[in-house]
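Inspection log for the structure reproduced underneath, given as structure tokens.
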Amino acid sequence: MGKNILITGATSGFGEATAEKFAQEGHNVIITGRREERLESIGQRLRDRYGVKVLPLAFDVQNRQAVFDAITGIPEEWQAIDILVNNAGLALGRDYFDEASIDEWDTMIDTNIKGLLYVSKAVIPRMIPQRKGHIINIGSVAGKEIYEKGNVYCGTKSAVDAISKSMRIDLLRHHIKVTAIHPGAAETEFSLVRFHGDAEKAAAIYNGLQPLTGKDVAEVIYYTTTLPEHMCINDLVLTPLQQADAIFFHRE
Ligand code: NDP
Ligand code: 8X3
């Protein structure tokens, strides 16, 4: 029988590809994001292609009340959530600390850190009674090394790294697995968002590089959920071959 998987940030990039992968494998998916129309059309596509149940839920992870309302309002048939993929997130700007926008810092902190906390707090009570569950947090190489002009984005992903470790320790007694996945450069809508819709600047990030795709990351996310019950991948860094860490690239 298919499991129930809740994926945040499923309107594009890693989240959309992850929803597709789980649906393809016969699992039911709860897909979330702010763009309602996209959620509806992705939902319809997954139902038509794979015959699984799909529940689109539109909310902003920054809005604590909206997160709890959406998750507590999930219909009875979905009560058990087996896997949560905390993926929603963004970078805004790439500027020196002294020149960066405080509003953009707030948005990154509210989305990447607080959003992940709210969604986790709302979902975990649905895992505890089952005595099992799996939470996958999407961090970044930007949380493993700090690069110039990465300041608060790097800070939020370092927080995801630390919070994942803390969740793993505190949820041990409930048999809930916590996996943190830290991707490197991947071509999604990420850079377009970061550079405020400037397609040229966004494309330049991938110059001379074969970046990861959403599908590449989705395959790895899915893999971490296929291990036997007694095994857990705790922490995983995934980069393109041409990227050693957050800083060193070999562009050709
Ligand atoms: P995309 O921009 O393609 O996708 C981001 C997703 O997050 C969208 O579905 C978006 O949905 C959702 N999202 C953003 N803000 C909110 C919000 N306030 N409330 C709800 N949903 C939100 O980027 P990626 O797929 O690349 O990014 C996914 C995650 O991976 C992010 O956490 C990112 O930091 C991380 N990451 C990305 C890397 C990359 O190079 N691409 C590398 C390492 C990590 P909507 O706009 O509809 O709300
Ligand atoms: C996204 C990867 O290197 O652009 O988290 O910060 S990077």
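The values are calculated or read from the model by the stated rules, or taken from the named source; none is laboratory data. Please read these numbers as outputs of a predicted model, since none were measured by experiment. So basically every Cβ, Gly included, is an ideal-geometry build from the backbone, and we count neighbours across all protein chains shown. All accessible areas refer to the heavy atoms of the entire protein, side chains included, with ligands and DNA or RNA removed. Shrake-Rupley method; radii C 1.70, N 1.55, O 1.52, S 1.80 Å.
Things worth noting here:
- Pairs with Cβ under 9 Å, 6+ apart, first in segment 110-135 and more than 20 Å from Lys157 (Cα to Cα) and more than 16 Å from ligand 2 (Cβ to nearest atom), second in a helix (DSSP H, G or I) and among the small types (Gly, Ala, Ser): Ala122/Ala70
- Note on segment 121-140: residues that are of a type in the set (D, E, K, R) and assigned to a helix (DSSP H, G or I) total 2.
- Remark: Gly13 falls outside the filter, which requires a residue to be open to solvent by less than 50 Å² (accessible area, probe 1.4 Å) and in contact with a strand residue (DSSP E or B) (Cβ under 7 Å, 6 or more places away or on another chain).
- Residue identified as surrounded by 15 or more Cβ atoms within 10 Å (Cβ to Cβ), among the charged types (D, E, K, R) and over 24 Å from Gly143 (Cβ atoms) among Asp69, Asp82, Asp48: Asp82
- Residues satisfying the stated conditions in segment 1-37, i.e. over 17 Å from the mean Cα position of the chain (by Cα) and of a type outside the set (S, T, N, Q): Met1, Gly2, Lys3, Glu25, Gly26, His27, Glu36, Glu37
- Any hit, segment 32-50, residues being more than 30 Å from Lys149 (Cα to Cα) and small (Gly, Ala, Ser): yes
- Pairs are defined by a Cβ separation below 8 Å, a sequence spacing of at least 6 or placement on different chains, a first member in segment 27-51 that is free of Cβ contacts under 8 Å to residues at least 40 places away in the same chain, and a second member that is open to solvent by 70 Å² or more (accessible area, probe 1.4 Å) and in a helix (DSSP H, G or I); the pairs so defined are Arg49/Gln24; Tyr50/Gln24.
- Helices (runs of 4 or more DSSP H) within segment 141-252 that include 3 or more residues surrounded by fewer than 16 Cβ atoms within 10 Å (Cβ to Cβ) and more than 10 Å from ligand 1 (Cβ to nearest atom): 151-170, 199-204, 214-224
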